[in-house]
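Please treat every number below as a calculation from the coordinates, not as lab data. What you are looking at is a predicted structure, and each value in this text was computed from that prediction instead of being measured. Positions of Cβ are generated from backbone atoms using ideal geometry, with glycine treated the same way; all protein chains shown enter the neighbour counts.
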Amino acid sequence: MMFGHIAHYDRGGFYAEWFEDLAARIRWLEYIGRGGMFGEMGWGMGSAAHTYSDVEQAISEWLRAHPVKLATMQAERALQHEEAERQQLARLQAKYGAPLAVVAEPANPLAAAIAAHLQAKRAAAKAA
């Protein structure tokens with residue numbers, strides 16, 4: 001058991017829940033960043049004799065030492081979400097003739113910088 005997680009019938013179910021797509025992987029990193037079930041309940045990590053808490057601690061330390069990894073994934077997910085919404089907006093505008101919407105700037109400057117970098121990479125890949 002790691003991070004208090006034992007709630008799936010098999011590995012396939014576990015991977016489908018936590019790693020199937022980008023949003024699931026972000027949920028997993030956020031979940032373990034909070035310490036899993038034990039961290040969310042304020043209990044801390046379990047005993048290394050029963051719960052692999054030494055591995056939990058190593059993973060948590062790595063995640064804290066590399067915050068840009070999670071921020072990059074969150075920015076990529078935000079970009080995917082924005083693209084899906086823009087496609088939906090275009091469909092609705094085509095259907096109803098509504099005016100264009102005003103686009104707001106992201107509140108998180110790190111996420112905005114990462115999103116700009118990811119958009120530039122996508123544009124370069126499309127041009128190639």
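When each of the peptides 87-97, 62-72 is scored by the mean number of other C-beta atoms lying within 10 Å of its residues, the order from highest to lowest reads 62-72, 87-97. By the beta-carbon count within 10 Å of each Cβ, the least crowded to most crowded order of Tyr9, Tyr31, Tyr15, fewest first, is Tyr9, Tyr15, Tyr31.
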